[in-house]
1. Could you say which residue among 39, 32, 17 is of a type outside the set (D, E, K, R), in a helix (DSSP H, G or I), within 30 Å of residue 147 (Cα to Cα) and more than 13 Å from the chain's Cα centre (by Cα)?
2. Go through segment 79-96 residue by residue and tally those that are out of contact with any Phe, Trp or Tyr (no Cβ under 8 Å at 6 or more places or on another chain) and closer than 20 Å to residue 178 by Cα.
3. If you take the residues of segment 179-203 that are in contact (Cβ under 8 Å) with a residue 12 or more places away in the chain and aromatic (Phe, Trp, Tyr), which of them is nearest to residue 13 (Cα to Cα)?
4. For residues in segment 38-48 being at pLDDT 95 or above and small (Gly, Ala, Ser), which is farthest from residue 115 (Cα to Cα)?
5. Identify the residue in segment 42-59 that is of a type in the set (A, V, I, L, M, F, W, C) and assigned to a helix (DSSP H, G or I) and, among all such residues, is surrounded by the most Cβ atoms within 10 Å (Cβ to Cβ).
Amino acid sequence: MAEADLLHGFGGQLMRGAATTVQLALASLAVGTLLGAGGCWLQLSTRTASRTVGYAYAAVIRSVPDLLLVFAVFFGGAMTLATLTGRHVEVDAFLAGAIALGLSFGAYASEIARGALLSVPDAQREAARTLGLSRAQTMWTVTLPQAARAALAPFGNQTIVLLKQTSIVSIVGCDEVMRKAAEASGATREPFTMYLAAACIYLALTGIMSLGLEWTERRVSRLDTR
């Protein structure tokens, strides 16, 4: 009851905003992981054109602020749909945010994956081929497991950054934590209290993710010592 009084009845809305934040982060993570895998594959391609596309994607997206990406997808998507359909089409803020943040996450993920794959010594791949393993078997049994371990920490850290970046999608109307905190702040005229509550929610979510990442790293370390 005391907490409800402190937040003037907006606690439930903030919790719903937190749920939307988690959903947005997961959707962006899914999009970004796929784009990161594709970008990494392009960068490591033997074809010059493919490598150029892969490196250009990572370089351009990492050079543009995430807020501008959100604007580009949200307003650019609306303009494109209006041109194609001949009428005004409202772009869903959640979908636009997931695509924009996914584009950003994918650019960093492609660099993480490329670095992890290149960190595996060529000698190990050559030894696997000498033992009779095919190229595909070498990739799945030798290269990818080691690359995954090398990429685990930076990928996890980038995921935590992604969770915090979801706050910028509030500017296009997505009902995540920051949007709900802003609405509560305007209604109660207590911005410090509402934004402090939002900060506590982000702290809790990132804390849970950090603990999960540490647990996963410990599990992987124990597997390596067996």
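1. On the way: 32 fails: more than 13 Å from the chain's Cα centre (by Cα); 17 fails: within 30 Å of residue 147 (Cα to Cα).
Result of the check over 39, 32, 17: 39.
2. Qualifying residue count, segment 79-96: 3.
3. Ranking the qualifying residues of segment 179-203, first place goes to 195.
4. Out of the qualifying residues, it is 38.
5. 58
The values are calculated or read from the model by the stated rules, or taken from the named source; none is laboratory data. Since we're looking at a predicted model, the values are computed, not measured. Please note: Cβ atoms are built from the backbone with ideal geometry, for glycine as well, and neighbour counts cover all protein chains shown.
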